[in-house]
Amino acid sequence: VITILFYQRKSVAEVAALLAIPEGTVRSRCFYGLRALRRELERQGITGP
Amino acid sequence: MNCQMMTSLGVYVLGAAEPAERRSVEAHLPGCPSCRAELIRLAPIPGLLASVPPGAVRQRTTPPVAVATDGSSWMGRLRSAEGSRRARIGGIVTALAASIAVAVGVVLGASSRPVPGGHSAVLLSGMNAATHVRSTAALTRSSWGTSIRLTIRGAPLNVRCRLVVRSRAGGTETAGVWDAWREGPITVPASAGWRASDIASLQVVARGRTLVTINAPRHARANRSAARRL
């Protein structure tokens, strides 16, 4: 979800249609995915580009 | 999670929220300390993602044991992996984090970076001699308006910056919010509800002061080769 939203610049509705999931699920997966990503990056000691 | 607006922050910070959702997030933020705190924690992620070549992410995040249903698209493979998705999410996150770790090491400081997706982009730039802030914006058409990739140099460290977009018709939108997390050039994603040709200017504002203004000439043209030089 994150990679499609960010790298392919798709909208929430487009990602929902593409993956056949509700828009709310796109939002929550995006949010929890980013959170998980932040935790993993913090664990590796990366806090900025 | 203690606020139902919080799940919108993910698409908001990626610049993928549509204008109505972006406005509702912005209307909500001043009154919600927990969402503000969460947004600040997520703020560096788009810059980190932008430092990863998309091809590297695609390779590393495709689950190796997932069988392609259509034999072609990686998204098809992701869809087909839905059944055992949860077991893999940790692995995908780790792989994406690893891609970022590699990119931060390899790409940092590189002056040449393709616009993701390779679409033709309108390139604009501006500088402010008083604040010593310079900025370049690549505007790409999207289904909801315009995707903006803003590169900014010289912004004060750890200060909340906003990108304010003005339309030729006189409207304004906040297209993105971020904290300048390092002194070198940073790239932030943003989006506006207007087409690129309807955008008159972009302004980076911090603490009520305009750091830099980028004016869009009326006949700015999409330029694929210029986009590569960004």
Within the range B:157-190, count every residue that is away from chain A (no Cβ under 13 Å), charged (D, E, K, R) and over 14 Å from residue B:211 (Cα atoms). 3
May I ask you to list the residues in the range B:1-44 that are under 29 Å from residue B:167 (Cα atoms), at pLDDT below 80, aliphatic (A, V, I, L, M) and in contact with a Phe, Trp or Tyr (Cβ under 9 Å, 6 or more places away or on another chain)? B:43
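Return yes when residue A:33 is modelled with pLDDT under 80 and either under 9 Å from the mean Cα position of the chain (by Cα) or within 7 Å of chain B (Cβ to nearest Cβ) (or both) and no when it is not.
no
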Report, by residue number, each residue of the range B:26-40 that is over 18 Å from residue A:33 (Cα atoms) and touching a residue at least 60 places away in the same chain (Cβ under 8 Å). B:26
So residue B:198 fits all but one of (1) under 29 Å from residue B:156 (Cα atoms); (2) modelled with pLDDT of 85 or more; what number is the exception? (1)
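For residue A:14, indicate whether it is closer than 20 Å to residue B:189 by Cα and at pLDDT 80 or above. Quick ask: steps written out before the conclusion?
Details: closer than 20 Å to residue B:189 by Cα: yes; at pLDDT 80 or above: yes.
Considered against the rule, which asks whether it is closer than 20 Å to residue B:189 by Cα and at pLDDT 80 or above, residue A:14 comes out as yes.
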Which residue pairs have Cβ atoms under 8 Å apart, sit 6 or more places apart or on different chains, and have a first residue in the range B:154-170 that is more than 19 Å from residue B:201 (Cα to Cα) and a second that is surrounded by 13 or more Cβ atoms within 10 Å (Cβ to Cβ) and of a type in the set (Phe, Trp, Tyr)? B:157/B:181; B:158/B:181; B:160/B:178
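Filter the range A:36-49 down to the residues that are facing chain B (nearest Cβ under 7 Å) and modelled with pLDDT under 75 and list them by number.
So in the range A:36-49, the residues facing chain B (nearest Cβ under 7 Å) come out as A:36-38, A:40-41, A:44, A:46-49.
Result: A:44, A:46, A:47, A:48, A:49.
The values are calculated or read from the model by the stated rules, or taken from the named source; none is laboratory data. None of these values were measured; they are calculated from a predicted model. Reconstructed Cβ throughout: ideal geometry from the backbone, glycine too, with neighbour counts over all protein chains shown.
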